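Read through the structure below, which is laid out as structure tokens, and then see the notes.
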Amino acid sequence: MSTVAETGLRTEFAFELPVGYVDDDGQVHKHGTMRMARARDEIAPLRDPRVRDNEAYLTVLLLSRTTTQLGTVPSVTPAVIEGLFTPDLAFLQDLYRRINQEGHTRAAVVCPACRHDFSVDVAGGAAGES
């Protein structure tokens, strides 16, 4: 049996929010980490009455279960995800999709000026990181 380190499997991804979560003290938290989802992360919220009442709430629960760190916020709860600005929520939804459906955080883009194709790390990693 091999370990994650031995296989090079990457299961956690650093990110930087475009706006940032503002806590009750007014502190802005932009840097965080998200891990790959496990089957139970997608199954358990389906039993939650908030999801039964509003299917869109599934996103809040999925992101709160898989966002492992957000600045110095002690715990990323559904209330924290609910408090995100819309651009940050959209960013995390896209990051979740990339990590869990595509297995990476890179996106193919085209320069609008020169039409050159290249890829960027949407998680906000340093240049050259994969």
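The values are calculated or read from the model by the stated rules, or taken from the named source; none is laboratory data. Note that the coordinates shown come from a computational prediction; the quantities given were computed from them, not determined experimentally. Neighbour counts run over all protein chains shown; Cβ positions are idealised from the backbone, glycine included.
For the stretch 55-70, the criterion of being modelled with pLDDT under 95 and in a loop (DSSP other than H, G, I, E, B) is met by at least one residue. Pick from 27, 69: which is surrounded by 15 or more Cβ atoms within 10 Å (Cβ to Cβ) and of a type in the set (S, T, N, Q)? Only one candidate passes the filter, namely 69. When the stretch 11-53 is filtered for residues that are part of a loop (DSSP other than H, G, I, E, B) and more than 20 Å from residue 85 (Cβ to Cβ), the ones remaining, listed by number, are 11, 36, 37, 38, 48. Within the stretch 42-58, if we keep just the residues that are loosely packed, with under 14 Cβ neighbours inside 10 Å and acidic (Asp, Glu), the residue that is nearest to the chain's Cα centre (by Cα) turns out to be 55. Of the numbered criteria (1) in contact with a Ser or Thr (Cβ under 8 Å, 6 or more places away or on another chain); (2) without any contact (Cβ under 8 Å) to a residue 60 or more places away in the chain, the one residue 95 fails is (2). Quick one: which residue in 9, 46, 58, 63 is on the phi < 0 side of the Ramachandran plot, touching a Leu at 6+ places or on another chain (Cβ under 6 Å) and free of Cβ contacts under 8 Å to residues at least 60 places away in the same chain? Only one candidate qualifies: 63. Just one of the listed residues (108, 39) is modelled with pLDDT under 80 and surrounded by fewer than 10 Cβ atoms within 10 Å (Cβ to Cβ), and it is 108. Reported count of residues in the stretch 71-90, each being assigned to a helix (DSSP H, G or I) and in contact with a Gly (Cβ under 9 Å, 6 or more places away or on another chain), is 1.
Screening residue 85 with (1) buried (at least 17 other Cβ atoms within 10 Å of the Cβ); (2) over 19 Å from residue 100 (Cβ atoms); (3) of a type in the set (A, V, I, L, M, F, W, C) gives one miss only, at (1). Is it true that residue 88 is charged (D, E, K, R) and out of contact with any Pro (no Cβ under 7 Å at 6 or more places or on another chain)? Taking the combined requirement at face value, the residue does not satisfy it.
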